[in-house]
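All remarks here apply to the structure that follows.
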Amino acid sequence: MLARSAQGLYWMSRYLERAEHLSRLLWLQTETLVDRPLPEIHLGWRRIYDMIGRRPPSGELVAPDSDDYALADAYTLADDLTFERSNPSSVRSCFALGRENGRQMRQSISGEMWTSLNLSYLRLQQLEIQDVWGASPEGFFAETAAAVDRFRGVAAATMYRDGGRHFMQLGRHIERAQLLLGLLLSQLAADRSIEEASEEGWTSLLRLYHAFEAYTDRYSVEVEREQVMDILVTSPRLPHSLMRTLDQIVFELDAIGPGPDAQSSEEARGEGDGLSALLHETWPVRDDTEGLLRRLSERCRTLHDLVNSCYFEYPTAPALPR
């Protein structure tokens, strides 16, 4: 398919995956405002900002010293992460960018997909933080995450199984891998910053990735860091596990096939295979888990660059002389 169409579908899927991921994080974070200790609330905000690589509006996060301060600060932070137009990773910005890519690629998606995406975008454009904060902010974030799930369901039911579908899936899984790795690294950093690590942060990751029931079935109700990381990284049955995500990237690259430039195609497919093999062969690495996660994160970024140069922005042959 045309490189421009493939690129638009790839980025549409990445932006929507990011929007869904951030919405679920904010859903869990706003629930903690009701009854969790202030240090846990603070660490939750810091984990989100570390994951997206953004500084908060005040420049740095200050640990709250009162419930009133925590609520006021949460209002500002949630606004920045949800509705701030200058924040390219806010929920609104991700929907807007995803929708714009979908608009330009309307010939490659079904009419039902466009309707679903456009309705979700228009809903967000009509709201501000004050419209959702006084009622049920956690309900708003849950519904926003569900809107992305509905879009995926519509896509699965109506889109042709062609190259465009594979590029959508590739973008979705590369984004998912990077977000999961970023969160695991942020949580490990949060554990180092406090004297006594709390299990709540790891429990919230299980809930974020629909893994809490699977964890209790496999282990116990007691949440331990190493076991949480094992199930989030290696579970073959968990849709969001890192190993399953990397294996899916390999599958999508094989389905897409080589791009116009044979060398960069070989490099992209080799990097995808290498990522999956690295995880399969080296996990668990208890003495340097964080180092392995960082290597995987760096190689995910390398893979994105290779996909970009192989399929979207490859060099073209010079024009024939006239």
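The values are calculated or read from the model by the stated rules, or taken from the named source; none is laboratory data. What you are looking at is a predicted structure, and each value in this text was computed from that prediction instead of being measured. Heads up, the Cβs are rebuilt from the backbone with ideal geometry, glycines too, and the neighbour counts pull from every protein chain shown. Ligands, DNA and RNA are excluded from the accessible area calculation, which covers all protein heavy atoms including side chains. Shrake-Rupley method; radii C 1.70, N 1.55, O 1.52, S 1.80 Å.
Looking at the stretch 194-218, which of the residues that are assigned to a loop (DSSP other than H, G, I, E, B) and touching an Asp or Glu at 6+ places or on another chain (Cβ under 9 Å) is surrounded by the fewest Cβ atoms within 10 Å (Cβ to Cβ)?
Applying the filter and picking the extreme gives Glu199.
Which numbered condition trips up Ala177, out of (1) at pLDDT below 95; (2) under 20 Å from Thr289 (Cβ atoms); (3) out of contact with any Lys or Arg (no Cβ under 6 Å at 6 or more places or on another chain)?
Unmet condition: (1).
From Met51, Met105, Met113, which residue is closer than 22 Å to Leu38 by Cα and touching a helix residue (DSSP H, G or I) at 6+ places or on another chain (Cβ under 8 Å)?
Met51
Can you tell me which of Gly164, Gly153 is more than 30 Å from Pro37 (Cα to Cα), in a helix (DSSP H, G or I), without any contact (Cβ under 8 Å) to a residue 12 or more places away in the chain and open to solvent by less than 50 Å² (accessible area, probe 1.4 Å)?
When all the criteria are applied, what remains is Gly153.
Just give me the residues in the stretch 54-74 being aliphatic (A, V, I, L, M) and modelled with pLDDT of 75 or more, in sequence order.
Of everything in the stretch 54-74, just one residue is aliphatic (A, V, I, L, M) and modelled with pLDDT of 75 or more, namely Ala74.
Answer yes or no as to whether Val62 is among the β-branched types (Val, Ile, Thr) and not in a loop (DSSP other than H, G, I, E, B).
In short, no.
Would you say Glu138 is open to solvent by 40 Å² or more (accessible area, probe 1.4 Å), in contact with an Asp or Glu (Cβ under 7 Å, 6 or more places away or on another chain) and in a helix (DSSP H, G or I)?
It is true that Glu138 is open to solvent by 40 Å² or more (accessible area, probe 1.4 Å), in contact with an Asp or Glu (Cβ under 7 Å, 6 or more places away or on another chain) and in a helix (DSSP H, G or I).
One residue is enough: does the stretch 85-92 have a residue meeting the conditions of a type outside the set (Lys, Arg), buried (at least 18 other Cβ atoms within 10 Å of the Cβ), at pLDDT below 90 and assigned to a helix (DSSP H, G or I)?
No, the stretch 85-92 contains no residue that is of a type outside the set (Lys, Arg), buried (at least 18 other Cβ atoms within 10 Å of the Cβ), at pLDDT below 90 and assigned to a helix (DSSP H, G or I).
Could you please find all residues in the stretch 1-46 being of a type in the set (Val, Ile, Thr), open to solvent by less than 30 Å² (accessible area, probe 1.4 Å) and either outside any helix (DSSP H, G or I) or farther than 21 Å from Leu184 by Cβ (or both)?
Once the filter is applied, which keeps residues that are of a type in the set (Val, Ile, Thr), open to solvent by less than 30 Å² (accessible area, probe 1.4 Å) and either outside any helix (DSSP H, G or I) or farther than 21 Å from Leu184 by Cβ (or both), the stretch 1-46 yields only Thr30.
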